[in-house]
Every structure is written in C-alpha cells, then in structure tokens.
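The values are calculated or read from the model by the stated rules, or taken from the named source; none is laboratory data. Small disclaimer: the values here were computed from a predicted structure and weren't measured. Backbone-built Cβ (ideal geometry, glycine too); neighbour counts: all protein chains shown. Keep in mind that these areas ignore ligands, DNA and RNA; they rest on the heavy atoms of the full protein, side chains included. Shrake-Rupley method; radii C 1.70, N 1.55, O 1.52, S 1.80 Å.
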Amino acid sequence: MNEKGISNQKLTDLLDTAKSNDVGYERVLSAMCTYPHDVAVQAHTKFIEANMGDPGLFPGTYSLEKEVINMMGQLLHCSSVHGYITTGGTESNIQALRTMVNSSNVANPNVIVPESAHFSFDKIANILGIEVKKAELDSKFKVDIGSVKSLIDSNTIGLVGIAGSTEFGQIDPINSLSDIALENNLYLHVDAAFGGFVIPFLETSYHFDFVLDGVTSIALDPHKMGFSTIPSGGILFRNREDLNHLQTHTPYLTISTQSSLTGTRSGASVAATYAVMSYLGKEGYRQIVKQCMDLTNDLVEGAKKIGINPLIEPVMNVVTLDVQDPDTLRARLRDEFGWYVSITRNPRALRLVLMPHLTHKNLDLFLQDLEKLVKI
Ligand code: PLP
C-alpha cells in the first residue's frame with residue numbers, strides 16, 4: 001500500500017482495467033453462477049453493511065433472513081424449517097456434516113456420498129477428520145443403491161444424496177436413500193446446491209426434498225439458479241435440534257449463541273435473496289427454468305445433428321457431450337473462439353451448463369464453432 005492514496009479517477013481506471021480482464025458470462029458454458037437479477041443487486045447494495053453475525057444490531061435484515069428461510073422451506077415442502085443464509089454450497093455441506101458428527105457418539109464416523117459428489121465433500125473429510133466413503137454410480141450416473149447399502153457399517157452416521165449433480169445434472173434416487181436412512185437411523189443430507197432452484201420448476205416432478213421423511217437437511221444456493229448475489233447459499237434443517245448441534249457461545253455479541261460457520265456474514269446476500277425470491281415468485285423461476293431447458297434441448301438436438309451424443313438425456317440444464325479428446329477440444333474452443341466449457345471426471349466428456357445468460361443466438365454460434373472443430 002502506498003503512503004498517499006490515489007485519486008478517484010485513477011482508482012476508477014484501475015478498477016475498469018481489472019474488470020475488462022474478466023470474462024463476461026456470455027460465452028461461458030462452464031459456470032453454475034450467472035449475472036444476478038437487478039432487484040438482487042439493488043437490495044445487496046442497500047444492505048451492504050449489514051452483519052448477520054451480530055443480528056441484534058440488524059433486526060430488520062434478520063427478519064428478512066427468517067422470511068427467506070421460510071420461503072425456501074415451503075419451496076422444499078417443509079413449513080417449519082431451521083437454517084440460515086450461508087456463503088454457498090461448500091459451507092452448507094460442511095454444516096450438514098458437522099451436525100451429523102456433533103450429534104453422534106461414534107469414534108471414527110463415516111458418511112457415504114455418491115462418487116458424483118462435489119469436491120466440497122473432500123474438503124469436509126479433511127476439515128472434520130471423518131471418512132467420506134464414495135458409493136458407485138449406475139449407468140445413468142445416479143448413485144447405485146446397492147453400493148450405498150454395501151458401504152454402511154457400524155461407524156456410518158449419515159448419507160448424502162445429490163439433487164442436481166455438478167457434472168451430470170443428475171438426481172439421485174433420494175426416495176430410496178430416504179428409506180435406507182430411516183431403516184438405519186441415519187442422517188440424510190441432500191445437496192441441492194444447484195438443483196434446489198431448478199427441480200421444483202421443471203415440468204417433470206421429482207421427490208427429492210423434505211416431502212421424504214428421511215431427509216434431514218438440504219443445501220440450496222440462491223447464488224446459482226436462484227439469481228441472487230454471491231455469496232448466497234442456504235442450509236435448511238427439518239429439526240431445530242439439528243441446527244442447535246452447531247451452536248457456539250458468543251459472549252460479546254448482541255446474541256448469546258451462533259450456529260453459523262463464519263462469524264461475520266453478509267446481510268447483503270440475505271436482502272438480495274429476499275428481493276429476488278419475492279420479485280420473481282414461483283412463476284418467474286418457472287419461466288427462467290423453462291428458458292434454460294429450451295436452450296438445453298436445442299443444444300442437445302444441435303449436437304446430435306453434428307454427430308455428437310449426450311452421455312445421458314439431460315435431466316436439467318447440464319449437458320455432457322461424448323466427444324473424442326475432450327481436453328483438446330475444450331482448449332481449442334477457448335483459445336480459438338472464446339468459449340468456456342468444462343470436462344467431467346469419469347468418464348471424460350464435455351460438460352456444459354445452460355445458464356440464463358446464454359441466448360439461442362450464442363448457442364447457434366457455439367454449435368457452429370463446435371462443428372468446425374469436430375469436423376477437422
Ligand atoms: N454442491 C453442488 C452440487 C455444486 O454444484 C456446487 C458448486 O458448483 C457446490 C456444492 C459448491 O458450491 P459453492 O461453490 O457455492 O461452495
């Protein structure tokens with residue numbers, strides 16, 4: 001840091017230069033985030049100083065958080081949920097598994113997750129010092145229930161199911177996982193960080209949430225398909241005592257206990273999420289999800305026309321394309337045409353997420369560029 005500060009103009013120039021080096025989302029097909037909705041941005045700015053770590057000072061913002069948690073709970077079929085706005089899927093997943101660990105008396109606990117689980121579960125194993133066992137997937141990239149059952153032992157404290165897997169956009173058989181959880185008296189956390197704001201608005205209906213008695217917690221991210229600002233995540237628990245397992249005493253704040261992972265946390269993302277959920281309503285989300293699914297279907301049709309098939313017919317707005325040498329193709333799409341796509345781990349395929357920042361026009365351009373590369 002310099003001794004003397006710089007002028008406002010100089011600062012603006014520096015910030016503009018940095019910003020111009022960022023990639024606009026228009027050609028990004030690899031991200032699960034997008035441009036936040038205008039109403040979210042406005043609310044975020046209005047509540048920029050609000051700290052949910054000390055809610056006694058911000059009772060107005062805190063009332064919005066309670067309202068947001070209720071709205072999310074109702075969306076996922078539970079009228080009395082308990083939770084808070086996190087910084088995203090990673091924090092929500094950490095908290096769900098911390099609850100499992102804190103409430104159990106098992107010496108070396110393990111949790112069973114699908115092989116398709118987000119890498120946040122590897123971080124969690126490291127942070128919590130627990131074993132995270134990976135269950136195999138079936139041919140459609142859903143968790144294999146036989147594999148889950150075979151991994152359960154006397155040290156298992158919980159199961160995880162994914163509703164909208166990061167790589168395949170697939171939904172695990174949460175109903176079967178729910179039955180297993182109930183039979184074995186295990187926690188069942190559903191990672192719906194991506195799918196939580198998609199699945200309820202699809203034309204096909206899926207049972208993946210608190211409608212299933214065995215589901216104890218759900219992660220869903222407003223900063224992904226919820227159009228809120230980063231960092232907005234959500235963790236919901238069916239039972240109050242599961243949130244209580246996360247409590248720490250907070251002697252010098254306006255409240256006596258805290259259940260969140262971070263201390264200081266953003267009230268701005270709370271207000272942003274409240275704003276966009278209230279403004280769009282279910283009808284607004286349904287419309288946006290339909291737009292994304294139309295793009296998804298157009299992409300798959302267009303890809304098939306140039307001889308590329310998806311690994312599975314898409315369940316939501318995530319597509320995996322079975323191409324030769326996906327790594328080279330990914331690099332060439334970026335270097336020659338400015339498209340950002342990603343790759344699945346196993347099997348290796350091109351992974352595309354059809355977020356609302358994409359247009360049919362850009363999708364046509366993408367398909368033309370893809371065709372040029374696969375035809376060579
Ligand atoms: N869970 C799933 C299913 C995800 O797709 C992601 C991110 O893409 C996460 C968790 C982690 O979310 P975050 O990056 O917000 O921590």
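Could you run through the range 112-128 and say how many residues are under 22 Å from LYS140 (Cβ atoms), touching a residue at least 12 places away in the same chain (Cβ under 8 Å) and out of contact with any strand residue (DSSP E or B) (no Cβ under 8 Å at 6 or more places or on another chain)?
0
Report yes if VAL300 is free of Cβ contacts under 8 Å to residues at least 24 places away in the same chain and either within 16 Å of the ligand (Cβ to nearest atom) or of a type in the set (A, V, I, L, M) (or both), otherwise no.
The answer is yes for VAL300.
List the residue pairs whose Cβ atoms are under 6 Å apart, where the first residue sits in the range 343-357 and is part of a loop (DSSP other than H, G, I, E, B), the second is at pLDDT 95 or above and open to solvent by 40 Å² or more (accessible area, probe 1.4 Å), and the two are 6 or more positions apart or on different chains.
Pairs that qualify, where the first residue is part of a loop (DSSP other than H, G, I, E, B) and the partner is at pLDDT 95 or above and open to solvent by 40 Å² or more (accessible area, probe 1.4 Å), are ALA349/LEU311; ALA349/ASP322; HIS357/TYR25; HIS357/TYR35.
Given SER147, SER165, SER154, which one is of a type in the set (S, T, N, Q), within 29 Å of ASN317 (Cβ to Cβ) and more than 10 Å from the ligand (Cβ to nearest atom)?
Exactly one of SER147, SER165, SER154 is of a type in the set (S, T, N, Q), within 29 Å of ASN317 (Cβ to Cβ) and more than 10 Å from the ligand (Cβ to nearest atom), namely SER147.
Please give the helices (runs of 4 or more DSSP H) falling wholly within the range 76-159 in which 2 or more residues are open to solvent by less than 40 Å² (accessible area, probe 1.4 Å) and under 30 Å from HIS44 (Cβ atoms).
Answer list for the range 76-159: 89-103, 120-128.
Take the residues in the range 175-215 that are of a type in the set (D, E, K, R) and within 30 Å of ASP294 (Cβ to Cβ); name whichever of them is most open to solvent (accessible area, probe 1.4 Å).
Only one residue fits best here, namely GLU203.
Quick check on THR262: is it within 23 Å of the chain's Cα centre (by Cα) and open to solvent by 40 Å² or more (accessible area, probe 1.4 Å)?
Yes; evaluated as a whole, the condition is true for this residue.
Please work out if SER104 is under 24 Å from VAL315 (Cβ atoms) and of a type in the set (Ser, Thr, Tyr).
no
Is the range 309-321 home to any residue that is at pLDDT 95 or above, part of a helix (DSSP H, G or I) and exposed (fewer than 14 other Cβ atoms within 10 Å of the Cβ)?
Within the range 309-321 (the criterion being at pLDDT 95 or above, part of a helix (DSSP H, G or I) and exposed (fewer than 14 other Cβ atoms within 10 Å of the Cβ)), the answer is no, since none of the residues qualifies.
Under the condition of being more than 14 Å from the chain's Cα centre (by Cα) and within 16 Å of the ligand (Cβ to nearest atom), which residue from the range 186-201 is farthest from PRO114 (Cα to Cα)?
PRO200
Between a first residue in the range 259-288 that is among the charged types (D, E, K, R) and a second residue that is not in a helix (DSSP H, G or I), which pairs have beta carbons less than 6 Å apart while being 6 or more apart in sequence or on different chains?
Listed pairs, sorted by first residue: ARG265/MET52; ARG265/GLY53.
Does the range 48-60 hold any residues that are buried (at least 21 other Cβ atoms within 10 Å of the Cβ) and within 18 Å of HIS82 (Cβ to Cβ), and which are they?
Answer for the range 48-60, where residues must be buried (at least 21 other Cβ atoms within 10 Å of the Cβ) and within 18 Å of HIS82 (Cβ to Cβ): MET52, PRO55.
In the list SER63, SER30, SER20, which residue meets the criterion of being within 30 Å of LEU370 (Cβ to Cβ), out of contact with any Gly (no Cβ under 8 Å at 6 or more places or on another chain), among the small types (Gly, Ala, Ser) and open to solvent by 50 Å² or more (accessible area, probe 1.4 Å)?
SER20
Against the condition of a type in the set (Asp, Glu) and either touching a Ser or Thr at 6+ places or on another chain (Cβ under 6 Å) or within 12 Å of the ligand (Cβ to nearest atom) (or both), how does ASP221 come out, does it pass?
yes
Only residues that are out of contact with any strand residue (DSSP E or B) (no Cβ under 7 Å at 6 or more places or on another chain) and open to solvent by 70 Å² or more (accessible area, probe 1.4 Å): list them for the range 234-253, please.
Passing the criteria: GLU241, PRO251, TYR252.
Search the range 62-88 for residues being in contact with a helix residue (DSSP H, G or I) (Cβ under 6 Å, 6 or more places away or on another chain) and within 16 Å of the ligand (Cβ to nearest atom), and hand back the single one that is nearest to GLY281 (Cα to Cα).
Result: ILE85.
Could you list, in sequence order, the residues of the range 342-361 that are open to solvent by less than 50 Å² (accessible area, probe 1.4 Å) and under 22 Å from HIS223 (Cβ atoms)?
Correct list: SER342, ARG351, LEU352, VAL353, LEU354, MET355, PRO356, HIS357, LEU358.
Of everything in the range 168-185, what is aromatic (Phe, Trp, Tyr) and more than 13 Å from the ligand (Cβ to nearest atom)? Give them in sequence order.
Within the range 168-185, none qualify.
Residue check: is SER278 part of a helix (DSSP H, G or I) and either more than 16 Å from the ligand (Cβ to nearest atom) or surrounded by 20 or more Cβ atoms within 10 Å (Cβ to Cβ) (or both)?
When the stated conditions are applied, SER278 passes them.
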